[in-house]
Each structure stands twice: as C-alpha cells, then as structure tokens.
Amino acid sequence: MTMHQDLLDESALALKQAYAPYSQLYVGAALRSANGKLYSGCNVESGAFSTGSCAERNAIAAAVRAEGASFQLAAIAISATDRSGNALPIPPCGSCRQMIREFGPDAAVLFLGAQGDIIQAQIGDLLPHSFSLAT
Ligand code: THU
C-alpha cells in the first residue's frame, strides 16, 4: 500500500467524469499540493481533436486556480479505463510530464504499469534532461 493510495482512489473517481466520446479512453488524475490539498481532473475532448485536454493538466489547472502561481505539486496519480470500465495502463503523455515538472520538479508520479502493477516514479526519471526556462 502506497502512501499515495488516496490519490489513486481519487483519480479513479475523477475518470468517471471524463468527456471522452472520441477516444473512449477515460482518464482521471489526482494530485497533492505541497501544502497537503488534493485536486483532481479528467480528460475533456472536442470534435476539433487538438483542442481537448488531458486529465493531468486539468488537475494542475484546478490547483493553480485554487492556490495561485505559488502552487507546488508534490505527487500525482493517474487512472484510466475503457468504456466498459476495464482498467488500462496510462503513463502520462510527454506534454503532461513537462507540465508536472513545471510545478513539481521532485514530484512523485503514480500510474498503472503494463504488468498490472502500480508504478511510482519521480518526474525527473520520467523526463530526464528536461527543458526549463528557470536558470
Ligand atoms: N489522455 C490523458 O488524459 N492523459 C494522458 O496522459 C494521456 C492521454 C487523454 C487525452 C485524450 O482525451 C485521450 O486520453 C486519448 O488520447
């Protein structure tokens, strides 16, 4: 049992709100800010496909709305299912890794691995040699 089980549970709840009629991949993300608060998001698609947005970045947007520009991300969990509710392994996409790193350079990232196990990694290992404007 991980110390971040609450985030895994909350991400599984969040994916039930997903709007994903095109991909039928339902994704939820839940994060803990450095001050201990939880925020979540789900993916929201659009018929103009490129305008949709991922669960992880929507959770980050909710956190920034609540805490402002000083928001720091401590940990984030991701869950996903198909339309029948079967769990699917969804590691965060490249754009979400970049956004996670922006707010949490030391963030823990949890997701279902291909073998059905929960993988917990540091964002620095998922996105090594990452781009940053900060010097
Ligand atoms: N998706 C996420 O929400 N997070 C990811 O890390 C990968 C992909 C969503 C975006 C889109 O709505 C659907 O999954 C299929 O790409």
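Assorted remarks:
- Each of 51, 2 was scored by other Cβ atoms within 10 Å of its Cβ. Arranged with the fewest first, they read 51, 2.
- Once each of the chymotrypsin sites (Phe, Trp or Tyr not before Pro) sitting in a DSSP loop with at most 12 other beta-carbon atoms within 10 Å is removed, the chain keeps 23-130 as its longest stretch.
- The long axis of helix 55-67 is offset from the longest Cα principal axis of the chain by roughly 50 degrees.
- Cα-derived Rg over Rh, computed across the chain with Rh taken as Kirkwood radius: 0.95
- Unit charges at the beta carbon, dipole of the chain: most positive-side option, 95, 31, 129: 95
- Helix 94-103 axis, angle to the chain major axis (alpha carbon atoms, nearest 10°): 40 degrees
- Radius 11 Å from Cβ of residue 75, net charge of other residues (Lys, Arg +1; Asp, Glu -1): -1
- Cβ-Cβ distance of residue 130 and residue 49, R₀ of 41 Å, FRET efficiency by 1/(1 + (r/R0)^6): the value works out to about 0.95.
- Charge dipole magnitude, Cβ of K and R +1, D and E -1 - the chain, Cα centre, debye nearest 20: 240 debye
- For a label point 7 Å along the Cα-to-beta-carbon line of residue 88, residues of segment 3-37 with backbone N under 17 Å: 12-29
- Other residues within the sphere of radius under 14 Å centred on the Cβ of residue 30, judged by their own Cβ, net out at 0 (K and R +1, D and E -1).
All of the numbers you see were taken from the coordinates with simple rules; none came from a lab. Source: prediction; values computed, not measured. For neighbour counting, all protein chains shown are included, and Cβ atoms are generated from backbone atoms with ideal geometry for every residue, glycine included.
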